[in-house]
Number of protein chains: 2
Amino acid sequence: MSTISGRAPTLDEVAREAGVSRSTASRAINGGKRVSPTAQAAVDDAVQRLGFTPNPAARALATQQTGSVALVIPEPDDRFLNDPFLLGVLRGVSGALAVTELQLVLLISNRTPGRLVRYLQAGHVDGAIIASPHRGDHLEEGLRGSRPIVFIGRPFEMNGLSFVDVDNVTGARLATEVLVRAGRTRIGTVAGPTDMTAGQDRFIGWQEALDAAGLPHDAAEAADFSVPAAEAAAERLLDAHDVDAIFVASDTMAVGVRRALDRRGLRVPDDVALVGFDDLGTAELMHPRLTTMSNPVLDLSARATSMLLARLTDPSLPPEHVLLPTRLVPGGSV
Amino acid sequence: MSTISGRAPTLDEVAREAGVSRSTASRAINGGKRVSPTAQAAVDDAVQRLGFTPNPAARALATQQTGSVALVIPEPDDRFLNDPFLLGVLRGVSGALAVTELQLVLLISNRTPGRLVRYLQAGHVDGAIIASPHRGDHLEEGLRGSRPIVFIGRPFEMNGLSFVDVDNVTGARLATEVLVRAGRTRIGTVAGPTDMTAGQDRFIGWQEALDAAGLPHDAAEAADFSVPAAEAAAERLLDAHDVDAIFVASDTMAVGVRRALDRRGLRVPDDVALVGFDDLGTAELMHPRLTTMSNPVLDLSARATSMLLARLTDPSLPPEHVLLPTRLVPGGSV
DNA sequence: CTGTTAGCGCCTTCAA
DNA sequence: TTGAAGGCGCTAACAG
């Protein structure tokens, strides 16, 4: 370290130290195309000696690229931190980006789309992944046509947008069919929120399965994918209907449902059979283990990330829709 | 919107549209000091009409400030996502920053300090909060004297550095004293990792309490704050010692300890009494509820954030060390 | 209160 | 292969 000043060294100083021009220094630092071995070595050396790191702001200004992408979680932070799916998304995206030069910027949006949209529009990041969008957070419009964006979880307004999602309809149908095959005839559901497509789609799958079996589908209550809301929804469901099985739209919510059942002295699976959705750790902690549908959140995230990376390279790529399959994970709750 | 081009509008265009100079437009946009009402209105109008947002890279280059701060989690991502304390830190910092103009950049460092230090040195962010530093990730040196930094959890090398921490030594002592007062005489510990001060300090507190009571402190095994590691540590402990109580350095680890006890048919608290540390949700889910020490992670995070903010404003502030108290949260495990 | 004038640090044509 | 020159978009003295 021969740094004199406290300031970070600039490209100018590197060039001077190496005895070349700024342009040559710049080339040597970025890929080294069209640079003589001599010059390259001199620059490398100077960089080392000075401990030079390119100023990201200057570079971003010149290249119009920030080298970072955003992961947007449109949920209040306490919900986010209690949701295995969203945490899985963070982990998946973070992991997929780790092998890259790109930096992850986490945006927990607390439902202030204005600020969020502005942030993305302003060009703070080169692109974004948006997890589990809600109807009503009008992210789609605000962002259309700006930087590349990939959704995890199908957005309501999907034309022109890229997304990856798990096949919720099929998954919910398969889950419900398990209950049908087990001989249950009064099958209710604690559904997800209606302002999210995951909630809607799993509800539809439940309906489809019951229709196909000629069973009624009037026993349904919605909750917002949280434990307490699911508990309350289950209470309402049990008050109004005499069910012998429940398809719960997420394992997290199944915890709440179990609490309601326990309080009434209803046994699982004897009195009420249960099937959940996600298999992200919660299911296997329950007694008996919850029968559920897998949710390949890491694959989803990796896929979304690579789709985004592709669009960073070539923004003209057409929108792409990916639906990943889910499979039954048997437990003892049916 | 009268935008013609697809490009984002620049300050230049705003100025032209408003019929003023760039500087006036700039002033109007930043605070509006020394700007006539007329000019202010004209600029506001133009901004509105054009949908102008300042280019962050350009602004950062000119002001030498990025408007963002980093939260550094020096853990592999899967550990981070299973650690209630670290998730609490994320939540606390995120919440404290929400009322600010500052953007949070989450850095999960996966133990590649090189890349991390470079990122911070390069000036991507104006400052950083580093959670639970480990001995060996030489973050302290690499960062000293650059941007303002506040640690959550005392760093090993603390001179010249600011940090906030919970009073681990006192907390561990109080926890162990509960066991002593309950009449236990063979009190072991499943300690935290020795490469973290939290692990060390809680171990020291346990020792102090036993010393004061005239009891031996040879029954100790360390683990890394994860469930499986704690389970293994408990196995070793139980193999080698006949204990009637264990102070476990975190509630998460207490889950692992419980598994080991259960497997041997040892009852809590009858055969072995347990006290944990953290009270971040896990303790109340255990049966019987785990007796533990509170860990005010949200306060810690808020405090760290405000310390950082203060140093962003005035970098010359002297280092500050804050130790927050912990208190006993009674359960049924003693 | 306003406009002019310089940069902030880097990348990138363009000629040489 | 190299260097000179201009520009990315914004802010901040400095005169006026």
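The values are calculated or read from the model by the stated rules, or taken from the named source; none is laboratory data. Because the structure is a prediction, the values reported are computed rather than measured. Here Cβ is always computed from backbone atoms with ideal geometry, including for glycine, and neighbour counts include all displayed protein chains.
Applying the criterion of being modelled with pLDDT under 95 and under 20 Å from A:ASP126 (Cα atoms) to the residues of region A:72-89, the residue that is surrounded by the most Cβ atoms within 10 Å (Cβ to Cβ) is A:VAL72.
Checked against (1) of a type in the set (A, V, I, L, M, F, W, C); (2) in a helix (DSSP H, G or I); (3) under 26 Å from B:PRO56 (Cβ atoms), A:ALA8 meets all criteria but (2).
Restricting attention to region A:13-31, and to residues there that are under 44 Å from the mean Cα position of the chain (by Cα) and within 9 Å of DNA strand D (Cβ to nearest atom), which single residue is surrounded by the fewest Cβ atoms within 10 Å (Cβ to Cβ)? Restricting to residues being under 44 Å from the mean Cα position of the chain (by Cα) and within 9 Å of DNA strand D (Cβ to nearest atom), the top hit is A:SER23. Based on this model, can you work out whether B:ALA41 counts as among the aliphatic types (A, V, I, L, M) and either more than 16 Å from DNA strand D (Cβ to nearest atom) or in a loop (DSSP other than H, G, I, E, B) (or both)? The answer is yes for B:ALA41.
Residues that are surrounded by 15 or more Cβ atoms within 10 Å (Cβ to Cβ), free of Cβ contacts under 8 Å to residues at least 60 places away in the same chain and not aliphatic (A, V, I, L, M) within region A:257-275 comprise A:ARG258, A:ARG259, listed in sequence order.
Taking A:PHE80, is it hydrophobic (A, V, I, L, M, F, W, C) and over 28 Å from A:GLN207 (Cα atoms)? When the stated conditions are applied, A:PHE80 passes them. Pairing each residue of region B:37-66 that is more than 12 Å from chain A (Cβ to nearest Cβ) with any residue that is among the aliphatic types (A, V, I, L, M) and not in a helix (DSSP H, G or I), provided the two are 6+ apart or on different chains, yields C-beta distances under 7 Å for B:ALA39/B:VAL20; B:ALA42/B:VAL20; B:VAL43/B:VAL20.
Among the residues of region A:22-32, those that are within 8 Å of DNA strand C (Cβ to nearest atom) and free of Cβ contacts under 8 Å to residues at least 12 places away in the same chain comprise A:ARG22, A:SER23, A:ARG27, A:ASN30. In this structure, does B:ALA254 turn out to be more than 21 Å from B:ALA209 (Cα to Cα) and buried (at least 18 other Cβ atoms within 10 Å of the Cβ)? For B:ALA254, the condition - more than 21 Å from B:ALA209 (Cα to Cα) and buried (at least 18 other Cβ atoms within 10 Å of the Cβ) - is not met. If the condition is being of a type in the set (A, V, I, L, M, F, W, C), more than 11 Å from every other protein chain (Cβ to nearest Cβ) and farther than 28 Å from A:LEU11 by Cα, then region B:103-137 contributes B:ILE129, B:ILE130, B:ALA131.
Taking A:GLY171, is it out of contact with any Phe, Trp or Tyr (no Cβ under 6 Å at 6 or more places or on another chain), part of a helix (DSSP H, G or I) and within 21 Å of A:ALA131 (Cα to Cα)?
Yes, satisfied.
Residue check: is A:ALA70 small (Gly, Ala, Ser) and without any contact (Cβ under 8 Å) to a residue 40 or more places away in the chain? Answer is no for this residue.
Of all residues in region A:37-64, those satisfying the criterion of being surrounded by 16 or more Cβ atoms within 10 Å (Cβ to Cβ) and either closer than 22 Å to B:ASN55 by Cβ or in the same structural domain as A:ILE108 (by TED's automatic domain parsing) (or both) are A:THR53, A:PRO54, A:ASN55, A:PRO56, A:ALA57, A:ALA58, A:ARG59, A:ALA60, A:LEU61.
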